[in-house]
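**Student:** Starting off with a structure, shown below.
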Amino acid sequence: MCRSRLQLTLAILKPDLMMHPVRTKEVKNIIKNSGFLVIQSKVTSLSLQDAEKFYEEHRERFFFSRLTGYMSSGLMTAMILAKANGIAHWRELMGPTKTYRARDIAPTSIRALYGISDTRNATHGSDSDESAKREIGFFFPTFDCENWYKTYEPLYRENRQSLAWDNERGIHYVPQ
């Protein structure tokens, strides 16, 4: 049976979600139950300068200071997710950026269920392979995407049924 290649994407559970441990756990379960593999995961926070660097592409947008101030306001969870067509699937699972729109057109999406506003919308996700590689490198500087695709992607794809879950680290792994 030929399975599609897994695609990496970055997922962030934002500070508004992280303030509610039960909701955070629910979203992590939604991710796992939607067929995503969690390759790396860490709870972290951003300084204002790091948030400005991460969201540099939005510097000239009216919401930049609101977004960077908010993203540096508390803890977040950064995760590397893998799934066939993972970027599109994660973006669909998150729902539209604007929470109120998400509630209208994607009422079961994460942002519809857990988002508060356009900025405090519970999650972030990469929008392309290029941004995924850059964003993963930002949060996981020692993670080598190219090496993962070459060395580990076939192991995760071909051994999906025998993957184990490390509850402490919140990641899937290939048992030895």
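The numbers here are math on the coordinates, done by the rules we state, and not lab data. Not measured: the values here are computed from a predicted model. When we count neighbours, we look across all protein chains shown, and the Cβ atoms used for this are built from the backbone with ideal geometry, even at glycine.
**Student:** Would you report the distance distribution of C-alpha pairs in the chain as whole percents per 5 angstrom bin, up to the bin with the largest distance?
**Tutor:** It works out to 1, 8, 17, 21, 22, 15, 9, 5, 1, 0, 0, in whole percents.
**Student:** Under 14 Å Cα to Cα from LYS32, which aspartates and glutamates show up? Leave out anything in the same chain fewer than 8 places away.
**Tutor:** ASP166
**Student:** Restricting things to alpha carbons, find the Rg to Rh ratio for the range 67-106 using the Kirkwood radius for Rh.
**Tutor:** Working: Rg = 12.9 Å, Rh = 12.3 Å.
Here Rg/Rh amounts to 1.06.
**Student:** Given the rule -39500 (n - 2.57) for each run of at least 4 DSSP H residues, summed and divided by the residues of the chain, what is its mean residue ellipticity at 222 nm, to the nearest 500 deg cm²/dmol?
**Tutor:** Working: 9 runs with 70 residues, N = 176.
Estimated from H runs of four or more residues: -10500 deg cm²/dmol.
**Student:** Please work out, to two decimal places, the log10 of the ratio I(q)/I(0) at q = 0.23 Å⁻¹ from a Debye calculation in which every Cα of the range 73-175 carries one identical scatterer.
**Tutor:** Log10 of I(q)/I(0), two decimals: -1.28.
**Student:** Using label points projected 7 Å from each Cα along Cα→Cβ, tell me how many nm separate SER34 and THR108, to one decimal.
**Tutor:** That separation, rounded to one decimal, is 1.2 nm.
**Student:** So if each residue of separation counts as 0.36 nm, and I subtract the Cα-Cα distance between MET19 and SER162, what length gain in nm does that give? Each step should come with its number before you reach the end.
**Tutor:** On the way: separation 143, 0.36 × 143 = 51.48 nm, distance 3.34 nm.
So the extension gain works out to 48.1 nm.
**Student:** Take the chain, mark every one of the GluC sites (Glu not before Pro) that falls in a DSSP loop and has at most 10 other Cβ within 10 Å, then report the longest stretch left between them, sites excluded.
**Tutor:** Values: sites that count: GLU60, GLU168.
Formally, the longest exposed-site-free interval is 61-167.
**Student:** How much length, in nm to one decimal, is gained on full extension between THR97 and SER128, taken as 0.36 nm per residue of separation minus their Cα-Cα distance?
**Tutor:** On the way: separation 31, 0.36 × 31 = 11.16 nm, distance 1.57 nm.
So the chain would gain 9.6 nm between THR97 and SER128.
**Student:** Here's a follow-up. For the chain, what is the charge dipole size about the Cα centre, in debye to the nearest 20, if Lys and Arg each add +1 at the Cβ and Asp and Glu each add -1 at the Cβ?
**Tutor:** The calculation lands at about 460 debye.
**Student:** Between GLN176 and ARG5, 0.36 nm times their residue separation minus their Cα-Cα distance comes to what? Before the final figure, lay out each step's value.
**Tutor:** On the way: separation 171, 0.36 × 171 = 61.56 nm, distance 2.19 nm.
The GLN176-ARG5 span can extend by a further 59.4 nm.
**Student:** Quick check: pseudo-label points 7 Å beyond the Cα along Cα→Cβ at HIS58 and LEU155, how many nm apart are they?
**Tutor:** 3.5 nm
**Student:** Related question: Students often forget the sequence filter, so: which lysines lie under 19 Å Cα-Cα from LYS25 once same-chain residues fewer than 8 apart are removed?
**Tutor:** LYS14, LYS42
**Student:** Stokes-Einstein D for the range 1-85 at 25 °C, 0.890 mPa s, Kirkwood Rh over Cα pairs, in µm²/s? Intermediate results must be reported in sequence, preceding the final value.
**Tutor:** Working: Rh = 14.3 Å.
This corresponds to a translational diffusion coefficient of 172 µm²/s.
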